[in-house]
Amino acid sequence: MLLGAREMRRMCYYTTMFNLTSVQTFATQLAHQAGQLLTQAYHAQEAAQASRRASPKAMKLIEDTTMDQWLIQHIQQHYPDHHIITEESGAVNPMSDTVWIIDPIDGSVNFSTHNPFVAISLAVMHQNELVLGVVEAPLLGEQFVARRGQGATVNGQLVHVSATAQLSQAYLVSCDGGITDRTQVFSTTIRNYYDQVTDFRKLGSAALECAWVASGRADAYITMAIDPWDVAAGVLLIQEAGGIVTTFEGRDWEPKQLDIVCSNGLLHHAVMERLWG
């Protein structure tokens with residue numbers, strides 16, 4: 001028997017309803033499987049050679065494209081109506097209320113030089129709100145997950161930002177973001193903070209630098225002109241762990257290239273004050 005127009009509309013409604021629990025289950029499993037593939041590639045490649053070295057902005061690996069296409073394929077199979085934004089492929093299926101923001105390998109230079117600080121970053125936005133973030137660090141054996149309103153976890157255990165309240169006692173992490181002029185990076189970050197904090201670190205992966213703040217391993221993170229795929233999952237991790245993320249001007253994060261400050265909240269004012277020297 002043929003379905004009438006009303007039944008067709010009802011079927012369409014129920015098949016396109018957004019179920020965050022199902023999306024979370026799929027995303028965490030997908031990230032874990034991608035992490036296994038990335039681990040195999042990491043151990044299969046020869047020890048890094050100097051000839052493979054390049055600046056972080058110039059580094060592109062075969063694995064970047066391979067992982068990107070693998071993730072897109074699996075998401076499209078399960079959610080063909082979802083929009084996907086990735087570092088490697090740009091926008092796929094832009095007409096959707098649900099958007100996946102993906103970095104298939106965050107920390108390509110680390111990967112190429114056998115540094116295990118590498119992550120797969122998956123974030124989901126629904127109706128313009130970040131609702132899910134997954135940062136898979138397969139070589140560290142950790143999966144960070146944040147769901148809107150339900151906190152942040154690492155390997156299933158709840159995490160929280162640090163209680164550090166003095167900038168002089170802080171561990172600060174930073175990266176170049178999208179800035180190619182390293183003099184500009186130096187003048188904004190190292191010059192303004194290096195002698196003001198306990199330690200100043202660079203992990204080589206924006207997703208992990210966000211995860212470090214969310215889990216209390218670092219107290220603040222500063223970066224410039226950072227792309228959304230690098231930090232979207234990490235932004236939600238920090239927010240759900242009790243921290244704050246703003247632009248340099250104090251506005252809320254949004255999915256475009258931005259200068260951002262992430263902190264445990266207690267340090268946010270002090271970190272913002274030092275931005276301009």
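Of note:
- Rounded, prolate or oblate (a/c below 1.5 giving rounded, otherwise prolate when a/b exceeds b/c) for region 167-274 by Cα gyration tensor: rounded
- This model, with +1 at the C-beta of Lys and Arg and -1 at the C-beta of Asp and Glu, gives region 167-274 a dipole about its Cα centre of some 200 debye.
- Shape call, region 100-168: gyration tensor on alpha carbons, a/c limit 1.5: oblate
- Estimated distance in nm for a label pair at ARG148 and GLU129, the labels positioned 7 Å out from Cα along Cα-to-Cβ: 0.4 nm
- By other beta-carbon atoms within 10 Å, ranking ILE102, ILE260, ILE72 with the fewest at the front produces ILE72, ILE260, ILE102.
- Two-site FRET efficiency, ALA44 against GLN157, from Cβ-Cβ distance with R₀ of 25 Å, rounded to 0.05: 0.20
- Applying 1/(1 + (r/R0)^6) with R0 = 25 Å to the Cβ-Cβ distance of ALA165 and ASP195 gives a FRET efficiency near 0.85.
- For the pair PHE18 and LEU275, the difference between a 0.36 nm per residue extended length and the Cα-Cα distance amounts to 88.5 nm.
- Our summary of shape: the Cα atoms of region 101-222 have principal axis extents of 37, 35, 31 Å, ordered from largest down, in whole angstrom.
- Footprinting exposure proxy for LEU37, LEU172 (fewest neighbouring C-beta atoms within 10 Å first): LEU37, LEU172
- Length-normalised contact order for region 126-277 - Cα pairs under 8 Å, 6+ apart - percent: 27 percent
Each reported figure results from applying straightforward, stated rules to the coordinates on display, with no laboratory input. Quick caveat: nothing in here was measured; it's all calculated off a predicted structure. Glycine also receives a Cβ, built like all others from the backbone with ideal geometry; neighbour counts cover every protein chain displayed.
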